[in-house]
Amino acid sequence: MFVGRIGFQQNFQTGFLSGQQKTLSRLQQSIQQSKVQNNKDTFTQSSHHTIYLETDKGVNRLTPLTTEPIPCRLLSEVHPESVIKFDKPSGFAQHYNYSEEDALIYQYYKKNCYKSWNVTSDKFVMTEDATEEEIKNYTLKMVEVGMNQFVRDSLKDTVTKEELENFRQELIKNGVDDEIDWWEVNCDSAYVTMGTSPEYLEQDIDYICSRYVALKNRIENQYTGEEKEKNMQILNEIYNNKREDFVSYYAKDVGSFFENLGQSGVSEDMKNSLNAIIDQKIAEYEDYIAKNENFASISNEEDTWLYQDDAFMAAQLRKSMAASKGITENIDAKSKYDYHHSNRFDFSEYLQNNVKGNITGENLTNKTEKEFSYSLEDLKFAGIYANTMQSYLDASYWGYGNKNNDTALGKQFAQEFRNIKNITSKLNVGENLKKTIEKTFRPFLNKLMDKIDKGIEENRKDPLFNLRFSYINRIAVFNAFSV
């Protein structure tokens, strides 16, 4: 249901294609349904890293999206002993903790495997009145984003140490292109803003803000006059679009859980809070750069080309500012939920397990919380809570065997409610979120019992020994719950 990490994993079929299809699904929701139905596309992987667009609009045919093979060797063509080993996780971590090696890989990829679209920001704007052709072109560009990312990540397993070192020497001698690679900027921002999970919300915000501020600083120092104005316009258009997508997606997905339980306006409050938090973070990074112009550092003095790599400079900005606060940069959030639902309905146990390692309970109340409804830690907790509780509403209760002891069920619900209030108290969850959780708990129980009753209906269709056939007595449940 809710927000989840969308990345380009090593498994291309289940990672890249799945991520693109989810992204396109969200895009198509904003476009007239008839247009979407008339332009239904699926993506297929063939051999030799060529991607095809399969269209069912009248003709069943495969159209290649790339006419030339990507000039990068496959892993099978490289001797395993000569491959560089990277001791870092794949996906988002490679972007957040962007290192000198990552910058070198990117420059290698850009020269040898990368076909630029000469992108300007207007190519990434999709309006509600878009034509079928515009939708298709946008779709192809998003596929290209994924292909570029897939190839770039794959290089870590295919480039030899000798090749990479020789290329580094070329960069030392010749430097890199002074022009900003707007296509890469859009790819990297799209990589994060396709969706986030509560555990990575803070890291995603740091990433988006640091990349924006680092690029803004580069433009202000490198360009003047019309060139400066033009590049700032492109930067602001790309990042405003991605920011809006990021904020709206998280706020809507998390807020909708509470709104579906009767608390209207939560999504909008969360959106406003996220925007305020992002504004604060941008201002903080800008202030830090103003006071620390030499925030970036490199291991080899001759590698001055690194200062032209936007992702590297943003990573150095994050690392330097974190160090100034005594914070060790770490993105190893716990993001795997493991549910084994039973008739125990132990919401608080799973909630406690899911917040562990993600929310410490220290300094959760934002100093400027009065300016907006939810702090950053409130939003993270709200996402984890929504994911946890929604999992019970999504579960199937066929085979429900609690026979007519609904008073005990009500008492169990009451104990779970007390446990959840205890968790929010220990974690210093903000008062607005506490009240929202408390107000939606009874409506949540009603929806849960609706789901249990559906399971009981299934019991009636296929009667088995010790299964329950009578609906939940809600009067008995809530009488016991209120004691």
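The values are calculated or read from the model by the stated rules, or taken from the named source; none is laboratory data. For clarity, every value in this text was computed on a predicted model and none was experimentally measured. All Cβ positions, glycine included, derive from the backbone under ideal geometry; neighbour counts span all protein chains shown. Heavy atoms of the whole protein, side chains included, go into the accessibility calculation; ligands, DNA and RNA do not. Shrake-Rupley method; radii C 1.70, N 1.55, O 1.52, S 1.80 Å.
Shown is the FRET efficiency for residue 233 and residue 301, computed with R0 = 25 Å from the Cβ-Cβ distance and rounded to the nearest 0.05: 0.10.
For region 246-262, the Karplus equation 6.51 cos²θ - 1.76 cosθ + 1.60, evaluated at θ = phi - 60°, returns couplings of 4, 5, 5, 5, 5, 4, 5, 5, 6, x, 5, 4, 6, 5, 5, 9, x Hz by residue, with Gly and Pro reported as x. Estimated at 0.36 nm per residue, the fully extended path between residue 160 and residue 356 surpasses their Cα-Cα distance by 66.5 nm. Taking the Kirkwood radius as Rh and the Cα radius of gyration as Rg, region 260-304 has a ratio of Rg/Rh equal to 1.38.
Over all projection directions, the Cα-based convex hull of region 370-421 averages an area of 5.2 nm². If a spin label sat at a point 7 angstrom from the Cα of residue 221 along the line to its beta carbon, the backbone N atoms of region 281-301 nearer than 17 Å would be those of 285-301.
The relative contact order of region 397-463 comes to 74 percent, based on Cα pairs under 8 Å that sit 6 or more residues apart.
Taking R0 as 35 Å, what FRET efficiency do you get between residue 442 and residue 469 from their Cβ-Cβ distance, rounded to the nearest 0.05?
Numbers: r = 26 Å, r/R0 = 0.74.
Efficiency, from the Cβ-Cβ distance: 0.85.
Hey, what D do you get for region 430-483 in µm²/s if you plug the Kirkwood alpha-carbon radius into Stokes-Einstein at 4 °C and 1.567 mPa s?
Values: Rh = 13.0 Å.
Rounded to a whole number, D works out at 99 µm²/s.
Averaged over its residues, region 219-264 has an accessible area of 52 Å² per residue, based on protein heavy atoms and a 1.4 Å probe. With a 1.4 Å probe and all protein chains left in place, how much of the accessible area of region 162-243 comes from carbon and sulfur atoms, in whole percent? Answer for region 162-243 is 39 percent, counting heavy atoms of protein chains only.
Defining a contact as two alpha carbons under 8 Å apart and six or more residues distant in sequence, what relative contact order in percent does region 191-270 show?
Working: 43 pairs, mean separation 23.5, N = 80.
Relative contact order comes out at 29 percent.
In the assembled protein chains, residue 158 presents an accessible area of approximately 10 Å² (probe radius 1.4 Å). In order along region 273-280, the Karplus-derived 3J(HN,Hα) couplings, from 6.51 cos²θ - 1.76 cosθ + 1.60 at θ = phi - 60°, round to 5, 4, 4, 5, 5, 5, 4, 4 Hz, and Gly and Pro are given as x.
With the charge dipole of region 425-483 set up from +1 on Lys and Arg Cβ and -1 on Asp and Glu Cβ about the Cα centre, the Cα lying farthest toward the positive end among the listed residues 437, 477, 464 is that of 437. Counting pairs of alpha carbon atoms under 8 Å apart in space and at least six apart in sequence, what relative contact order in percent does region 245-287 give? The normalised contact order for region 245-287 reaches 36 percent.
Once backbone amide H atoms are built at 1.01 Å from N, residue 346 has no partners under 5 Å, excluding neighbours fewer than 5 places away on the same chain. Taking region 458-476 and a reference point 7 angstrom along Cα→Cβ of residue 414, the backbone N atoms nearer than 16 Å belong to 474-476.
Given the convex hull of the Cα atoms of region 369-483, what is a quarter of its surface area in nm²?
One quarter of the hull surface, i.e. the mean projection, equals 7.6 nm².
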